[in-house]
Structure formats: C-alpha cells, structure tokens
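Inspection log for the structure reproduced underneath, given as structure tokens.
All of the numbers you see were taken from the coordinates with simple rules; none came from a lab. Quantities reported herein were computed from a predicted structural model and do not represent experimental measurements. Glycine gets a Cβ as well: all are built from the backbone with ideal geometry, and neighbour counts include every protein chain shown.
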Amino acid sequence: MARAETDLIMVCTNDIAGQVRGKAMPRSAMDARRDTGVGWTPTNVFITAFGPIAPSPWGAFGDLYIRPDWRTQVDLDLPAFGVDESFVLGTVCQLDGTPWSCCLRGQLAAAADRLWERHGLTIQATFEHEFHYFGTEAQPGLGYGLRAYRRLGPFGNRVMAVLDAAGLSIDTFMPEYGPGQCEVTVGPKPALRAADEAVILRELVRATARGLGARASFAPILDPASVGNGVHIHFSLLDADGQPVSYDPARPNAMSATAGAFVAGLLKHMPDYLALTAASVPSYYRLTPHRWSAAFNNLGSQDREAGVRICPVFGATDAVDMARKFHFEFRAADGAASPYLVLAALLNAGLSGLDDGLSAPAVTDRDLAELDTAALSYLGVERLPQSLDAALSRLMDSTWAHAAFGDDLLTAFEIHKRTEIGLMDGLSKEAICDRYAAAY
C-alpha cells in the first residue's frame, strides 16, 4: 500500500532508559529535513521508563536536534501481520552539528572511531535477545520444546518475516526455557549497525506481538524466583583489511594476543561499567550464581555463567574458516540497557586493554561461587556489584569510566538511575518485576 505524503515517519533516539523516543514528521518533509531532522531538548534524557522525569540540571533550557541516519530507516506496511511501522534512528546533536555528549549512539560511534584510529581495528557484533511473549498460555516444563514452539502459533514465523522485510539478516528463533520466553538472533554487523539493529529488532518484535493482540517484554526478569532475560553480545575483531584477528591456534585457548588484550580490558573494567549494561533494579536479581548468567568478571570456555566466554566453533572446514567463526560472548547485559551504551562500554573497555597491552586472561574452570574473596583475588576475578546502587557507586568512582564516557554522561546516567531506584522504594521484588515487565 503506497504511503501518503501526509503519513508520518518518526525520527528517534534510544536513551538512558533504553526507550525509543522521538518526534514524527510527514513524509513530505523528508527531503527538507534529511540532515536537520527534528528538534530535541536536553531534559528529555531524564525521562524514566516509568514516567517521572529525574531532576534535570538543564530544566527548560537548551536545544538539540536528532539528525536521522537514513540507513536505519524502517518503513513497513504489512497488513496481514498488523504491522505498520515507519521510523528512523538518529544521533542527538548540538546546534553546531556535533554529537551531544549524552547521545548514546554518538558515544558508540566515538568509541568505534577510537578503536580504529589507535589500533586499526573494527568490531563485528550481534545481540542475542531473550524476551517474553504474552500471547500464549504459560506452561512450565516446555523449555526449548516443539510443543512450546507450537503454542506460540504464528508469532515466530511472523517475527522472522518482519525482521527480514526490515533488511535484517535473520538467524535463529527458539522457545527458551521459561514459559512464553523466546530468543531471536540476527547476523553480525559492524558496531554501530549492530546496535541499530538491536534497537530495530526489539521494536519490531513488540510490533509483531501487537499485531497478534498480544505483548512482548524484554524486561530483565519477570519473576525473581524464575528465569531472566539476558542480552548476550557476540563479537570478534577485524583488522584494517576486514580480516579476523581474534584467532591464533598457537596461543592458549586459541586466543590471539590482540583479542587477549581486548578481552582483558573487558574483564578488568567490567565491575566499573556493569551499571551501563545491567541498568535496572531487577537486573541484579538475574546476575547471581547458578542462574546461567554472569556473576563474576571471568573468562570461560563453554561456560554459560562466565562474564565473557569463548564460544564453541561448529563445522570449521579449515584454519581460515576457523578464524572467521572464532568469537566471544559478553553475558552481563539485558534489555533494560541501551544497546548503544552496552556496546560503547565493551569497546571502551577493550580499547583500554589494547592501549595498556594487557596480557590475555586465563580461562577459569571451576564454580567461582564456591571460592572466597582471597581465592577469587588469586585468580584475578571478583564478584560483580550485586545491586544497581552498588554498580552506580562503582561507576562513579571509576577514573577510567569518567575518561571513557565523560563527566556529563555519567552524571546524567547516575541522576537518572538513582531516581529510578527511588521509584522502586517500598515495593516487593515481585512488584518491581511487574513494573519493569510493563515498561520494557
């Protein structure tokens, strides 16, 4: 169905709350606003996922604009699926055209530029999304099952068809362990595009569920006594010629010196940036030992409780194919965090490891929850912060984090998230999970 010139297209940003917000313009204005986009205001960054606005140092003052990146445009009219989406993602800019310090997409672009300029490297990444679909009757015991998939009805097929129509390289879909829980993945892309696609995917999953008269939530956990929804980031490093550089069969764990330094930086700074990747109060109900999530800043191999793990390689035909498939997975993130900020944290931390020439970390091969603090310290590992409050304190005390992200963003992030913590005061864990399930 042809679009009318008066039909709207939303110019959007993904913010500290992990929400997609923006302003719409008619299609007839696209040419005139191709570079200038739509106006925005600094205080919008303090809108929480629950409505109240955190205390803003800017108040009613200041002007910005969202400059659309038309490569991210989604323009879908699929009446058979009840999906009608028209939006584009962009970068929040100051009036002189430079990215605003609190634009998370701009933060990621800057981190990717630094990685390229200092080391001639790029990162290929993709986000593995877990979420809950509420259009089916919950029944425990069907995890990963054909029966669970069947009970989803047309939802899985529709999700993949919608993502494909939006230009994403569809990969896998499965019914996850929890009742109504699903997982969907797409192929790897360069850093900025990978984060763009993570934002697009979440919105299109929600739109597909809505087309079926249902809802989908990417909240970190729906029930403190049950399973959570992680967002795992798979990544590898490429050189200036686009060739993979993470694999070296002559080194321990087949991890190249370059990849080893990058991963060492991720692990070293993980306690400092955890608030950016696990950005909600209930995120920390999930990040506990023996829940198949990450509770320590360790490197594992075939270990789904490691902070970062070396992923297994299937069906490699030769060394070249092995190098292409060899990659890592970061596991301490969830859907309450902005994909841009998650990936910016990984790039900034990995860059620090490369800058400092850190040695590759050793792989842990035991249950770290059984070790005391001294034993963990001997292994170079520590327990990650166990609440959003503790993670925020660690973030704000980090000299590295202030240098990597700037004082403006970290200050805004802390104000926003401490307000969010305050909104949860007095609520039970179950009620908090309910609030986040509705918000995400």
The range 1-84, dipole about Cα centre (Lys/Arg Cβ +1, Asp/Glu Cβ -1), debye to the nearest 20: 160
Too-long pairs where the Cα-Cα distance tops 28 Å, listed order kept, from Lys23/Lys268; Lys268/Lys325; Lys268/Lys429: Lys23/Lys268; Lys268/Lys429
DSSP beta bridge pairing in the range 8-100, given as percent antiparallel to the nearest 5: 90
Dipole magnitude of the range 133-278, debye to nearest 20 (Cβ charges: Lys/Arg +1, Asp/Glu -1, about Cα centre): 460
Ordering of 212-219, 343-350, 328-335 by packing [mean C-beta count within 10 Å, highest first]: 343-350, 328-335, 212-219
Selection from Ala323, Val186, Thr43, by position along the positive dipole direction of the chain (Cβ): Val186
Test item: Cα-centred dipole of the range 295-335, Lys/Arg +1 and Asp/Glu -1 on Cβ, debye: 20
Sorted peptide list for 371-380, 144-153, 399-408, criterion being average Cβ within 10 angstrom, highest first: 399-408, 144-153, 371-380
Whole-number D in µm² s⁻¹ for the range 105-439, Kirkwood Cα-pair radius fed into Stokes-Einstein, 20 °C, 1.002 mPa s: 105
Cα pair distances of the range 329-399 binned at 5 Å [whole percent]: 3, 11, 15, 24, 24, 18, 5, 0
Selection from Gly422, Ala112, Ala349 lying farthest towards where the dipole of the chain points positive, charges on Cβ: Gly422
Three-way shape call for the range 292-440 based on the alpha-carbon gyration tensor, with the a/c threshold at 1.5: prolate
Sorted peptide list for 52-63, 187-198, criterion being average Cβ within 10 angstrom, highest first: 187-198, 52-63
